[in-house]
Amino acid sequence: MASSAQLRLMSDLKAMRNEPKSLGLFSSADVFQIHHYKKRLLLHFYGIFHERLVLDGVESQQNGRDDAFIMMARFVWMQGHPVTMFVLFQLQPSMTFKPIITVPNDKDLLLFKLVPNVESAIKIPSSIEVTCGDLMYRVEVDIKSISPALPPPSDLNFFQYQEDVDIYHSDFGEDLPPSSLVQQSLHEIAPDPNQPHGRPSRTFRGAYVANRHFTPTRASISSPPPTDLTREVSLCLGAGVFGIASLVPSESRGRLNVESVKSDESQVAETQEANTRCIGDGDENIILNPQFDDGLSNWSGRGCKLALHDSMGDGKILPLSGKSFASATERTQNWNGLQQEITGRVQRKLAYEVTAVVRIFGNATTATVRATLWVQAANGREQYIGIAKLQATDKDWMQLQGKFLLNGVASKAIIFIEGPPAGTDILLDSLVVKHAEKIPPSTPPDFENVLYGVNIIGNSSLSDGLNGWFPFGSCTLNIANGSPHLIPPMAKDSLGPREPLSGRYILATNRTQSWMGPSQTITDKLELYLTYQVSAWVRVGSQRNGPQNINVTLAVDSQYVNGGQVKANDDRWYEIGGSFRIEKKPSRVIVYVQGPSSGIDLMVSGLQIFPVDRKARFKHLKKQTDVVRKRDVVLKVTGSDTDIPWGAFVKVKQIQNNFPLGSCINRTNIDNDDFVDFFVKNFNWSVFGNELKWYWTEPQQGNLNYTDADELLDLCEKNGIEARGHCIFWAVDSVVQSWIKSLNKNDLMTAVQNRLNGLLTRYKGRFRHYDVNNEMLHGSFYQDRLGKDIRAYMFKTANQLDPSATLFVNDYHVEDGTDTRASPEMYIEQILGLQDQGAPVGGIGIQGHIDYPVGPIVCSALDKLGILGLPIWFTELDVSSDNEYVRADDLEVMLREAYAHPAVEGIMLWGFWELFVRYNGHLVNAEGDVNEAGRRYLALNQEWLSTSHGHIDEQGEFKFRGFHGTYNVEIITLTKKFSQTFTVDKGDSSLLLNINL
């Protein structure tokens with residue numbers, strides 16, 4: 001039977017169960033050590049706490065203070081059997097234990113109150129001593145880190161954990177309790193019929209957290225303890241796991257150290273998900289000894305030695321702040337540097353801001369310095385997170401700044417400073433890592449008084465001679481006649497009908513540098529955040545020797561902005577088109593036309609730079625979308641003689657648009673359930689950022705890793721999301737593994753064949769698309785090493801191995817006019833060449849990493865590529881602006897242009913979550929808040945769903961026009977209510993659907 005004290009506590013626990021205020025957590029670093037004499041302890045932990053408790057007539061309250069908490073330790077003596085200790089606890093930073101009461105009538109009850117403490121560390125008593133009967137027990141506590149408070153889920157069911165641990169103590173002998181009593185005790189303490197309590201064994205039995213099963217690891221026996229009377233047991237509960245831990249007798253010798261509890265990562269994540277505050281959360285720096293006031297305490301060298309300095313370089317290098325700085329010296333690898341472990345002080349799903357003050361010293365005057373985070377999960381998976389990098393010098397201290405976010409639970413986390421070449425010391429003055437402040441929402445730019453379509457280039461027609469123009473460099477400018485009178489097509493699409501051009505042009509001669517040409521100053525004519533389109537006719541002189549690049553460039557203070565490029569292969573006039581935007585107030589902006597080699601004349605006619613009216617373009621695109629993406633539908637409704645459907649009410653609602661809208665995902669993303677939730681709700685296709693690339697699946701020869709891709713693909717298939725395979729090969733030299741580069745021609749060919757066979761066979765039928773040889777307009781590694789036929793061979797072999805997959809070419813800057821290597825014309829030439837070699841090219845991938853999208857320029861590229869008759873996909877679309885409203889506009893431009901074009905059959909975003917997408921390109925902020933770009937995306941998703949309602953006409957028909965996809969129709973007559981699901985596929989003719997009531 002349980003003692004009266006046990007029963008009272010059990011009653012109180014039941015009472016608290018219905019409305020608990022908060023829970024306490026052990027982290028994986030928490031260690032409770034129990035010293036005892038002669039008797040075995042049966043140890044139980046409970047993490048449930050309520051602000052008002054009554055135990056044995058003693059009432060404890062928080063007195064209305066949020067920072068005061070109660071800890072109770074109850075020791076129940078059962079004659080001839082183990083002592084049971086019950087603990088209710090709530091720990092927070094900046095608290096100190098202080099005993100407040102000992103109940104005279106109940107010697108086994110102790111109360112401790114946590115009160116505020118100005119120090120940041122948590123201080124706890126070194127031991128708690130309790131006298132029970134003729135024995136004294138001392139519990140020594142060493143909590144290295146405390147996890148935060150956790151609001152309980154509604155289905156909280158006595159968060160429990162059970163362990164059976166084998167420990168030997170030579171002086172226990174006949175006093176050991178029978179296992180049946182241990183089992184009975186467990187039932188009495190947690191009387192839950194859903195929790196199994198089997199007979200104690202010598203290994204872990206398992207764990208149940210809110211009725212979810214965990215699988216812990218086995219324990220390991222370390223060397224025997226000293227043979228004095230005091231025996232020590234160390235118990236570490238895994239991160240985020242509440243529970244019961246049972247210590248039972250064994251015949252084995254030795255000290256048992258339960259070092260960790262392995263569990264299903266997603267369930268541990270759920271437990272930690274609800275954490276509200278922890279050490280390192282808030283404005284506090286989670287780095288210990290950040291300015292080296294305590295020497296090198298808490299710091300270590302990562303493969304090198306550390307030294308502390310108050311000065312260096314004959315006194316020329318002094319601390320920027322504080323009294324000392326540290327150096328990483330005797331570095332032999334670029335990853336050597338200074339490091340600090342931050343395990344237990346960094347929390348998942350929180351964004352952290354990192355600021356390091358660094359410089360270098362030694363044999364380099366400048367070098368790249370990086371801040372990197374190494375994370376290890378409970379299952380041993382490792383991850384390196386690049387936080388920030390900069391070009392440091394040996395002259396000045398510089399600030400290295402960046403942000404990071406942990407998606408999953410980190411069993412170990414180390415931040416380190418690395419980067420410079422071997423032999424160069426890294427100097428660190430200070431390091432700050434703290435919870436990143438949330439940036440206030442952007443303010444929409446004010447474009448109310450903008451004159452769209454008005455050219456800001458003065459004297460563009462040259463009617464006033466060269467007034468307003470000047471040579472950029474020492475070239476000579478003159479005016480000549482004979483240029484086109486037509487407005488360039490891309491500009492005409494934006495401007496509409498205009499007066500023809502004058503036919504005059506500027507002739508730039510005596511060019512001794514490629515950057516020389518005609519120019520104007522336009523500083524005062526630009527509005528911040530406004531997108532400008534660039535247009536001109538350009539031509540090169542007869543001195544040309546091969547193709548010449550021509551570029552409109554903007555010199556914005558010390559930066560250069562690309563306003564459009566074209567490659568001139570002969571002496572024809574070429575249209576040049578591009579765009580730009582200025583987001584920070586400049587002191588001077590000069591636009592100039594440049595590019596051809598020195599000695600070659602350059603001709604420029606009708607240069608125009610004008611702000612783009614995007615909303616006017618959207619009106620046109622909506623009409624085009626209605627033509628391209630919708631279909632007429634006729635619902636033919638019939639019924640029985642007694643249920644004539646004429647006049648019945650009809651409600652049609654589209655539940656899914658079947659146009660592919662997808663996103664890039666990475667393996668670490670899916671450890672964040674908020675990320676997964678947004679992804680599966682708002683996208684129907686996926687592509688993996690790195691996990692299918694060759695350098696990921698086989699970083700070293702023969703060392704294959706498909707685990708990450710498998711897990712991503714499993715998630716997609718589980719949620720009905722299609723996947724693109726990106727990519728089989730990558731043509732760019734800089735991303736090819738070093739072991740591949742080291743192979744001779746025959747071995748390289750064998751490796752290519754093995755890659756094709758291994759990947760396409762493993763995933764046959766599971767990826768709908770493959771990017772076969774990524775970025776062939778920008779790289780030619782395999783063609784250079786294996787000959788011109790290798791590209792077609794890759795396509796043909798991939799098709800043989802998986803005929804169900806559509807095979808794509810994939811490249812960037814094809815759509816924006818900024819890259820002469822990737823014009824639509826060059827892409828078309830490449831595709832036709834592959835087809836001539838028998839390559840089954842099935843689709844055209846346009847990556848879509850675009851800076852300042854202008855609809856007519858994008859549409860022009862799509863029109864040109866569309867003549868091939870192949871499906872076009874935007875495969876890696878992203879946009880970027882520090883103003884989320886401008887970013888939203890950019891995204892809307894791209895989505896509407898693509899969706900309205902008949903040749904486009906799918907759109908993939910290259911991510912959507914901050915810190916896992918291009919800088920300033922996110923739709924969702926790091927901690928889960930949807931910004932204006934995200935809201936715009938969601939609004940377009942809703943806009944592209946059709947609804948209709950009305951009544952069945954006299955012919956028994958209901959007609960509507962709707963987007964392609966899946967619908968539900970509801971028909972209500974006088975006698976019945978009928979519903980049915982149907983699909984509207986592509987088609988030029990009306991879809992007739994018969995419905996029989």
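The values are calculated or read from the model by the stated rules, or taken from the named source; none is laboratory data. Quick caveat, the model's predicted, so the values are computed rather than measured. Note: ideal-geometry Cβ built from the backbone for every residue, glycine included; neighbour counts use all protein chains shown. Side chains are part of the model used for accessible areas, which takes the heavy atoms of the whole protein and leaves out ligands, DNA and RNA. Shrake-Rupley method; radii C 1.70, N 1.55, O 1.52, S 1.80 Å.
Quick rundown of the values:
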{"quantity": "Distribution of pairwise C-alpha distances over the stretch 781-853, 5 Å bins, in %", "calculated": "3, 16, 22, 22, 19, 12, 5, 2, 0"}
{"quantity": "DSSP-assigned coil residues among GluC sites (Glu not before Pro) in the stretch 939-990, each with at most 12 further Cβ atoms within 10 Å", "calculated": "E954"}
{"quantity": "5 angstrom amide H check on A378, placed H, neighbours 5+ away", "calculated": "S411"}
{"quantity": "Sites S311 and Q399, calculated FRET efficiency, Cβ-Cβ separation with R0 22 Å, nearest 0.05", "calculated": "0.60"}
{"quantity": "Pair A939, K567: separation of 7 Å Cα→Cβ label points (nm)", "calculated": "4.0 nm"}
{"quantity": "Rounded to 5, the percent of DSSP beta bridges in the stretch 604-759 classed as antiparallel", "calculated": "10 percent"}
{"quantity": "Accessible area of the stretch 931-992 belonging to carbon and sulfur atoms, whole % at 1.4 Å probe", "calculated": "48 percent"}
{"quantity": "Cα-based convex hull, the stretch 386-535, per residue volume (Å³, whole number)", "calculated": "274 Å³"}
{"quantity": "Under Karplus coefficients 6.51, -1.76 and 1.60, residue-wise ³J(HN,Hα) of the stretch 433-441 in Hz, glycine/proline x", "calculated": "10, 9, 4, 5, 5, 6, 7, x, x"}
{"quantity": "Using a Förster distance of 41 Å, the FRET efficiency for D747-D714 (Cβ separation, nearest 0.05)", "calculated": "0.75"}
{"quantity": "Net dipole in debye of the stretch 868-997 [+1 Lys, Arg Cβ; -1 Asp, Glu Cβ; about Cα centre; nearest 20]", "calculated": "540 debye"}
{"quantity": "Nitroxide proxy distance, nm - points 7 Å out along Cα→Cβ at I972 and D836", "calculated": "6.5 nm"}
{"quantity": "Fully extended contour minus Cα-Cα distance, from I479 to V628, at 0.36 nm per residue", "calculated": "49.0 nm"}
{"quantity": "Mean accessible surface per residue for the stretch 726-884, computed with a 1.4 Å probe while every protein chain stays in place, in Å²", "calculated": "35 Å²"}
{"quantity": "The stretch 359-485, relative contact order in percent, only Cα pairs under 8 angstrom and at least six apart counted", "calculated": "24 percent"}
{"quantity": "Rounded to 5, percent antiparallel among DSSP beta bridges of the stretch 487-637", "calculated": "100 percent"}
{"quantity": "Cβ-Cβ FRET estimate between T707 and D784, R0 fixed at 22 Å, reported to 0.05", "calculated": "0.10"}
{"quantity": "Qualifying chymotrypsin sites (Phe, Trp or Tyr not before Pro) in the stretch 910-997, DSSP loop, other Cβ atoms within 10 Å at most 13", "calculated": "Y919"}
{"quantity": "For the stretch 363-427, accessible area per residue (1.4 Å probe, heavy atoms of protein chains only), Å²", "calculated": "40 Å²"}
{"quantity": "Loop-located trypsin sites (Lys or Arg not before Pro) in the stretch 583-683, at most 16 other Cβ atoms within 10 Å (DSSP)", "calculated": "K584, R588"}
{"quantity": "Contour minus Cα-Cα distance for F982 and E284 (0.36 nm per residue)", "calculated": "245.6 nm"}
